[in-house]
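Quick notes on the structure that follows.
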Amino acid sequence: MSEPEVLRDKALMRSWSRSRRCNGQTIALVPTMGFLHEGHLSLIRTAKSLADLIIVSIYVNPGQFSPSEDLSTYPSDFSGDLRKLSAAGVNVVFCPGELYHLASVNEFGGHQEAINGEREGDSCLEDGGSGHETWIRVERLEKGMCGTSRPVFFRGVATVVAKLFNIVEPDVAVFGKKDYQQWRVICRMVRDLDFAVKVIGSDIIRDVDGLAMSSRNVHLSPTQREKALSINRSLSKAKLAAEKGQKNCQDLKDLIKQTISEAGGKIDYVEIVEQQGLSPVEEISCPIVICVAAWFGNVRLIDNLEID
Ligand SMILES: Nc1ncnc2c1ncn2[C@@H]1O[C@H](COP(=O)(O)OP(=O)(O)OP(=O)(O)O)[C@@H](O)[C@H]1O
Ligand SMILES: CC(C)(CO)[C@@H](O)C(=O)[O-]
Ligand code: BAL
């Protein structure tokens, strides 16, 4: 297996893609924030079934974190990632040092200014100067669930994904359904803004004990990890109850909240929404997804289960 090419420069990345596309080759992009696990590798396998060449981006995007969130402790292991990507047969690893135009450059391009003079709705990118100030908002889908707990998250994700699409110009992009609302937000952005990219959602990969794989799992202590298994357990219980005829969403949500709280997790949200538009549902009568976010210590985990 040949080593992937590592590109750090936006212009080089764009010309690499353009020359391959001119030769008639198709390109799939898998955007990530690194510290790769089997969930990411499954996205790469999906991507390989859809395109000739695979680009994986690794970029921890300050624009989707607010200053009180965990940008500074987000895990990373670039050499480990490269080994995994090499074994997975990826063609290019795109890891830009910085993706944004910044007025004042410090560690996170204005992170410190953002903390000192923080305004409501700022991300770790804001520097109050003449740097980046253009944001994409997917106005309805970004509200609720993760959008309530992480107010700058979806505008940051939509904007960085749009930038990656403009730089890489992929034919296909693959996202995990673990981040269900994120996947739907990106699908809607692509539809509404006419990006020529096909967006694919790939199934959730779980550890053998049922915990959805996530880079942040590395921050869980063994006890917290044990408690976190209650998320998947609660989703399975709710699915079973729904299959047995329980259609009332409030009762199903209460069952989930109780299971997670009893295990020692702190609920952020439990919502039952319809799959496309993510509108809350009171009685199950259409394909739905149950979405959960919960804290175990300082670690916030998300998970979901579709019921078709
Ligand atoms: N267990 C998983 N199954 C399927 N896709 C996943 C899984 N975990 C992450 N992904 C997908 O991988 C892509 C990159 O995600 P990211 O690098 O943020 O990893 P992560 O494990 O979700 O990290 P985090 O700790 O931030 O949740 C996203 O599209 C995400 O949905
Ligand atoms: C899509 C993404 C790479 C944008 O930064 C990130 O939100 C992620 O890893 O899910
Ligand atoms: N996987 C989503 C990236 C984030 O939590 O910021």
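Throughout, read-outs are computed from the coordinates displayed, never taken from laboratory work. Since this is a predicted model, take the numbers as computed values, not measurements. When we count neighbours, we look across all protein chains shown, and the Cβ atoms used for this are built from the backbone with ideal geometry, even at glycine.
Can you report the number of residues in segment 46-72 which are away from ligand 1 (no atom under 11 Å from the Cβ), within 29 Å of residue 146 (Cα to Cα) and surrounded by fewer than 16 Cβ atoms within 10 Å (Cβ to Cβ)? Residues in segment 46-72 being away from ligand 1 (no atom under 11 Å from the Cβ), within 29 Å of residue 146 (Cα to Cα) and surrounded by fewer than 16 Cβ atoms within 10 Å (Cβ to Cβ): 2 in total.
Restricted to segment 128-193, the set of helices (runs of 4 or more DSSP H) holding at least 3 residues that are away from ligand 1 (no atom under 13 Å from the Cβ) and under 25 Å from residue 25 (Cβ atoms) comprises 153-168.
The criterion of being touching a residue at least 12 places away in the same chain (Cβ under 8 Å), in contact with a Ser or Thr (Cβ under 7 Å, 6 or more places away or on another chain), of a type outside the set (D, E, K, R) and outside any helix (DSSP H, G or I) does not hold for residue 199.
The set of residues in segment 259-287 being in contact with a Phe, Trp or Tyr (Cβ under 9 Å, 6 or more places away or on another chain) and assigned to a loop (DSSP other than H, G, I, E, B) consists of 264, 265, 275, 278. Condition test on residue 173, is it more than 23 Å from residue 55 (Cα to Cα), small (Gly, Ala, Ser) and in contact (Cβ under 8 Å) with a residue 24 or more places away in the chain? So residue 173 does not fit the description; no. The residues on offer are 230, 202, and the sole one that is touching a helix residue (DSSP H, G or I) at 6+ places or on another chain (Cβ under 7 Å), over 24 Å from residue 71 (Cβ atoms), among the hydroxyl-bearing types (Ser, Thr, Tyr) and near ligand 1 (Cβ under 9 Å from one of its atoms) is 202.
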